[in-house]
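Encoded as structure tokens, the structure appears first; notes follow it.
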Amino acid sequence: IMAEETKRFYYYANGVYLDSCMKFPELTPAYPSSEKTVVKIEFGQTPEKLENLKAKGVRFQAAPNEFLLPIDDVATFWVKNGDHIIIQPEPRVNESEIRVFFLASAMGALAHQRRQFPLHASAIMYNGKAILFSGDSGVGKSTLAGLFHKKGYQVITDDISIIDKEKNTGQLLIEPGYIQLKLWEDTMNSLHIGKKEGVLLRPGLKKYGYPISSIPKKPLEIQAIYALSVYPGKEILVRPLEGWEKFRHIKKRTFRQKLVDPMGYTEPHYRLLEDICQSLPAFQLQRPFEEGYTTFVEFVENHFQTNQ
């Protein structure tokens, strides 16, 4: 991998241009731009410990403007100042494994450093606007996005939705993300997608990266956020989320929320959180354990079509 360091690859994702030392088939290729901030991705040496350490977990360290993520047998990722990511790979590691952690935790930390809001959500486009599906891991965000993709809807992003504030108008927008869905093997079977159509994300993990043809090329206005959950009932339930309940849900589903304080972004983060809660409609959407996805997708589609 280190031998490839002199080659450069350029992409656009999550509202930034990436000048990269390695290929990312999950990202939209782009030309270098002088108009928007470029984030440099390089192979190099990473520190064992951050100097101004403010928080430390089993697999991360955080300090003002810095995030360090060592992953055993894969790589260490050092994200700093919102414009630089250094990767120190382990010997003989497969690049696909590096990309898994880079596109999740490293890019999530980068979003916080850039004063963006990474929400644990997938998103599709409807009538030129974004519909977000948020929730805990395993609740069906990617499955729902995949099912709508099969129905002809354009996917905007999967797993992490980057919400940004337009500088001139103050409007909240979602940035286009990655040209792939991350799907478990049983989900691929239910979507009638063969394993050969996807890329195994990690050895021993029955989760695949499924490429999608394209995503929107510009940020989109957000129509609504749906908070997904599963419950032991018999009917699909949907109701508006308001006030403190909405605030609590959005805060809880902030991707890598525990990095906000130690990296020094508490005030801008909570200002953006408040804007999201005040400006964007949100609904609690509960699916029964026994409910199949066909009926559920039809229910959700009808709801966002009648609540424009």
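The values are calculated or read from the model by the stated rules, or taken from the named source; none is laboratory data. Since we're looking at a predicted model, the values are computed, not measured. Cβ coordinates were reconstructed from backbone atoms using ideal geometry, including for glycine residues, and neighbour counts include every protein chain displayed. Keep in mind that these areas ignore ligands, DNA and RNA; they rest on the heavy atoms of the full protein, side chains included. Shrake-Rupley method; radii C 1.70, N 1.55, O 1.52, S 1.80 Å.
Within the stretch 162-184, count every residue that is acidic (D, E) and in a loop (DSSP other than H, G, I, E, B). Working first, answer last.
Taking the stretch 162-184 and keeping what is acidic (D, E), we get 164, 166, 175.
Among the residues that remain, those that are also in a loop (DSSP other than H, G, I, E, B) are: 166.
Looking only at that region, the number is 1.
Suppose the filter is under 28 Å from V58 (Cα atoms), more than 18 Å from the chain's Cα centre (by Cα) and buried (at least 16 other Cβ atoms within 10 Å of the Cβ); does Y265 pass it? Walk me through how you get there before you give the answer.
Values: under 28 Å from V58 (Cα atoms): yes; more than 18 Å from the chain's Cα centre (by Cα): yes; buried (at least 16 other Cβ atoms within 10 Å of the Cβ): yes.
Yes, satisfied.
Kindly list the number of the only condition in (1) more than 30 Å from Q286 (Cβ to Cβ); (2) touching a residue at least 60 places away in the same chain (Cβ under 8 Å); (3) open to solvent by 30 Å² or more (accessible area, probe 1.4 Å) that fails for R271.
(2)
Are any residues in the stretch 37-73 part of a strand (DSSP E or B), over 26 Å from Y10 (Cα atoms) and open to solvent by 30 Å² or more (accessible area, probe 1.4 Å), and if so, which ones? Give the steps one after another, and end with the answer.
Taking the stretch 37-73 and keeping what is part of a strand (DSSP E or B), we get 38-43, 55-56, 61-63, 66-71.
Keeping just the survivors that are over 26 Å from Y10 (Cα atoms) gives 55-56, 61-63.
Matches in the stretch 37-73: K56 only.
Just to check your reading of the model, which residue among L132, L110 is within 21 Å of I225 (Cβ to Cβ), at pLDDT 95 or above, touching a Phe, Trp or Tyr at 6+ places or on another chain (Cβ under 9 Å) and not β-branched (V, I, T)?
Details: L110 fails: within 21 Å of I225 (Cβ to Cβ).
After ruling out the rest, the residue left standing is L132.
Evaluate the stretch 280-292: report whether one residue or more is part of a helix (DSSP H, G or I) and either open to solvent by less than 60 Å² (accessible area, probe 1.4 Å) or at pLDDT 90 or above (or both). Show your work before the answer.
Of the residues in the stretch 280-292, the ones part of a helix (DSSP H, G or I) are none.
Within the stretch 280-292, none of the residues are part of a helix (DSSP H, G or I) and either open to solvent by less than 60 Å² (accessible area, probe 1.4 Å) or at pLDDT 90 or above (or both).
Of all residues in the stretch 253-308, count the ones that are farther than 29 Å from F101 by Cα, in contact with a His (Cβ under 9 Å, 6 or more places away or on another chain) and polar (S, T, N, Q).
Residues in the stretch 253-308 being farther than 29 Å from F101 by Cα, in contact with a His (Cβ under 9 Å, 6 or more places away or on another chain) and polar (S, T, N, Q): 1 in total.
Provide a single number: the residues in the stretch 60-70 that are under 19 Å from the mean Cα position of the chain (by Cα) and farther than 7 Å from M263 by Cβ. Don't jump to the end; show me each part of the working.
Of all residues in the stretch 60-70, those under 19 Å from the mean Cα position of the chain (by Cα) come to 60, 67-69.
Add one more test, that the residue is farther than 7 Å from M263 by Cβ, and what stays is 60, 68-69.
The qualifying residues number 3.
Condition first: open to solvent by 90 Å² or more (accessible area, probe 1.4 Å), farther than 19 Å from F148 by Cα and touching a strand residue (DSSP E or B) at 6+ places or on another chain (Cβ under 7 Å). Now tell me which residues in the stretch 182-207 satisfy that.
K195, K206
May I ask you to list the residues in the stretch 216-261 that are on the phi < 0 side of the Ramachandran plot, open to solvent by 50 Å² or more (accessible area, probe 1.4 Å), charged (D, E, K, R) and outside any strand (DSSP E or B)?
K217, K218, K234, E235, E242, E245, R248, K251, K252, K258, D261
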